[in-house]
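Asker: Just passing along the structure, written as C-alpha cells.
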Amino acid sequence: MTPPRRQPARRRTAVLRREAVLAAVPVAVAALIGATAPAAGTAGAPGAGDPYFPLSGNGGYHVRHYDLTLRYDTSSGYLDGRAVLAARATQRLSRFDLDLTGLKVTGVIVDGLPAAHRRDGRELVVTPRHTLRAGRDFRVTVAYHGTPKPVTDPDDSADGWIPTDDGAFVAGEPQGAMTWFPANNHPRDKSSYDITITVPQGRTAVANGALLARHTAHGKTTFHWRETQPMAAYLATATVGTFDIEQYTTRDGIRVYNAVDPREAREAAPVLKKLPSVLEWESSLFGPYPFRSAGSIVDHAPDVGYALETQTRPLYDSAPDIDTLVHENAHQWFGDSVSLTAWKDIWLNEGFATYAEWLYEEQHGGDSAQETFDALYAHPAGDRLWAFPPGDPGSGENIFDTPVYARGAMTLHALRKAVGDRDFLRILRAWATEHRGGHGTTARFVRLAERISGKSLDTLFHTWLYTKGKPDSA
Ligand code: TRP
Ligand code: ZN
C-alpha cells in the first residue's frame, strides 16, 4: 500500500514542511443531487448533497441504528458481514441507496421480505417489495462478504479497512466506512451502533463505545461493542490486531479502554498515562466529556500516516505524542459530538482540535498560543499555509491540508484576541454544549460568537476564513 502523499497537518512539525502539489481532481459539482427531486419523487437520492463528495450519504432516510456482525480472518483478509439497519423514511420511498464499495452482496431484506438490489459504482441500490411511507420505520438487512480494500481519497491518502500485518487498521474519514459496511455515509446522518466482531483467538477487535461481551470458542474470539451516542459513519472502527489491553474508570466515571500494539507499548506508555488528565483538562475548558467511554487504539501501521478521532476511542497509526493525544481527544467535542453538516466546514473539526493543542502547550509549560500564532504568521505569502482560505477549501482534495489545521487554529486565536479570554472560552463551551450530539455550521458558529461577545465579527471571520492569501494584519 502506498502511504498518503501528505502527512496530516495535525502533526505539528509537518505543518511547517509540506509541499505536495497534487493533480486536481474534478469534482462533479454539476451532478449535485438532491437539489431537485426526481419526477416520480419516490427514489432516494444517491448522495446527501455534499459538493465535495457528491455520492457520500443518501437521500430519503435516516439510519437510527446499525447492528453490524462481522467475522474477520486475519490471515486471508476475508470479511464476512451482516448489517442490520434500523432506519426511518424521510420521504415516500420506492427505492433507496446505501454506500458500499467492493465486497459481494448476497442478499438484502427489507422488513422481512427479500428486496431487489443492484450495485452501481459505490451505491448499493435497494428496491423494497413495497414502497415505504414517509415517516415510517423500516429495517434493512444486508449480507455481504469479500476482501475489503481501502479507498483512495482525492488527496491520495487511503482510508477505510486497511489491512495490517496482524489485522486491520479501520479508519473511515472521509469516505472509508463504505469499505466495510453498507452505510448512509455522510456526517449529516448520525446513528447508534452495535458492532460484534469475531477474530482468531489471540487477536483483539476494538470498536467504539463499551465492550459488552467477549467470548472465545473453537479458536475464535467474539467482541461485542456498543456505542449508544449518535455517531457519524466515518467515526466507526473495528480495528483488529495483537494488542495489550488496559481498562480503568476515571474520577469522572468515564470507562477507559486502551489497546496497544506491543511494538508501540514502550513509546506509548508515558503519553497514554496522561489520558485522564488530558480529558479532565479538556472537560474543564469545553464542558463535560460528551461520552461514557474513552480510550485509545495504538496500532502499528506505519504506512497509514495519520491518526483518527474514532468516537470514544481515537485510533493512532503508531505511539502518539502528547499533542496528537490532545488533538484526537479534543475532536471528541469538536467533530464527534458536534458534527459537520458539510465537509467544506472541516475547519470546525481541525482548526478547533489544533487550537486545543496550542492551549494545552500554553498551559503546560510550552509555547503560548500567541507564540505559535506568530511563528505561523511569519510564513511568507507564497507558503502552503496561505494556499487557500480554511472556510473554503475548494474540494475534498484539500480538507486535511495545512490551511485547514493551522490557519483554522489561527482564526480561533484571532477570535480570542478580539473577544478576550473569558468570552472566547464561553464561546467554545457553548458551541460544544448547544450542539452536543448534533451538528454545526460555520455560519452558526459565527452567530454564536457574536451573540456571546456582543461584537460584530463579520470582518474578522471574513478575513480569516474566506479571504484568499495571507491576511494583512494579525
Ligand atoms: N482527522 C484526522 C486528524 O486530524 C486526520 C485524517 C483523517 C486524515 N483522515 C485522513 C489526514 C486522511 C489525511 C488523510 O486527526
Ligand atoms: Zn484532527
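The values are calculated or read from the model by the stated rules, or taken from the named source; none is laboratory data. No experiment lies behind these values; they were computed from the predicted model shown. Positions of Cβ are backbone-derived with ideal geometry, glycine not excepted, and every protein chain shown enters the neighbour counts. Heads up: the accessible areas ignore ligands, DNA and RNA and are worked out on the full protein's heavy atoms, side chains in. Shrake-Rupley method; radii C 1.70, N 1.55, O 1.52, S 1.80 Å.
Asker: In region 338-466, what percent of the accessible surface is made up of carbon and sulfur (1.4 Å probe, ligands and nucleic acids excluded)?
Answerer: The C+S portion of the solvent-accessible surface of region 338-466 is 48 percent.
Asker: By the gyration tensor of its Cα atoms, with a ≥ b ≥ c the square roots of the eigenvalues, what is the shape of region 79-212: rounded for a/c under 1.5, prolate for a/b over b/c, or oblate?
Answerer: Because a/c hits 1.5 or more and a/b exceeds b/c, region 79-212 counts as prolate.
Asker: Can you give the local net charge around Tyr144? Use residues other than it whose beta-carbon is closer than 10 angstrom to its beta-carbon, Lys and Arg +1, Asp and Glu -1.
Answerer: +1
Asker: On the accessible surface of region 42-330, probed at 1.4 Å, how many percent belong to carbon and sulfur atoms?
Answerer: Looking at region 42-330 in its full context, I get 48 percent from C and S.
Asker: Quick check: the distance between the Cα centres of region 79-109 and region 398-474, to the nearest angstrom?
Answerer: Taking the Cα centre of region 398-474 as reference, the centre of region 79-109 is 38 Å away.
Asker: Then there is this: In square angstrom, what is the accessible area per residue of the chain with a 1.4 angstrom probe?
Answerer: 39 Å²
Asker: When you count, for each residue, the other Cβ atoms within 10 Å and take the mean per peptide, how do 145-151, 399-405, 250-256 rank with the highest first?
Answerer: Ranking the peptides 145-151, 399-405, 250-256 by packing returns 399-405, 145-151, 250-256.
Asker: Oh, and also: So for each of 441-447, 111-117 I average, over its residues, the number of other beta carbons within 10 Å; can you give me the resulting order with the highest mean first?
Answerer: Ranked by mean Cβ neighbours within 10 Å, highest first: 441-447, 111-117.
Asker: Subtracting the Cα-Cα distance from 0.36 nm times the residue separation, let me have the gained length for Val84 to Ile322 in nm, one decimal.
Answerer: Net length gain for the segment: 81.9 nm.
Asker: If you average the alpha carbon positions of region 341-373 and of region 168-225, how far apart do those two centres end up, in angstrom?
Answerer: Using only Cα atoms to place each centre, the spacing works out to 30 Å.
Asker: Determine, for each peptide in 335-348, 86-99, 455-468, the mean count of other beta carbons within 10 angstrom over its residues, then list the peptides with the highest first.
Answerer: 335-348, 86-99, 455-468
Asker: Under the rule of -39500 (n - 2.57) per DSSP H run of 4 or more residues, summed and divided by the residues of the chain, what mean residue ellipticity at 222 nm is obtained, to the nearest 500 deg cm²/dmol?
Answerer: So the helix-based figure for the chain works out to -6500 deg cm²/dmol.
Asker: Further, regarding this structure: With only Lys, Arg, Asp and Glu charged, each at its Cβ (+1 for the first two, -1 for the last two), find how big the charge dipole of the chain is about the Cα centre; round to the nearest 20 debye.
Answerer: Here the chain has a charge dipole of around 1520 debye.
Asker: Go ahead and run the numbers for FRET between Asp472 and Asp73, Cβ-Cβ distance against an R0 of 51 Å, rounding to 0.05.
Answerer: It comes out at approximately 0.30.
Asker: Okay, moving on. Subtract the Cα-Cα distance of Ser368 and Ser277 from 0.36 nm times their separation in residues, and report this length gain in nm to one decimal.
Answerer: Gain on extension, Ser368 to Ser277, equals 30.8 nm.
Asker: Under 1.5 on a/c is rounded, so check that first for region 398-452, then, if it is not, pick prolate when a/b is larger than b/c and oblate when it is not; a ≥ b ≥ c are the square roots of the alpha carbon gyration tensor eigenvalues.
Answerer: oblate
Asker: Output the pairs from Lys149/Lys190; Lys344/Lys468; Lys417/Lys468; Lys104/Lys344 with a Cα-Cα distance over 26 Å in this structure; if there are none, say none.
Answerer: Table pairs above 26 Å Cα-Cα are Lys104/Lys344.
Asker: Under the 0.36 nm per residue contour assumption, what length would be gained going from the current alpha-carbon distance of Glu267 and Arg118 to full extension?
Answerer: 48.9 nm
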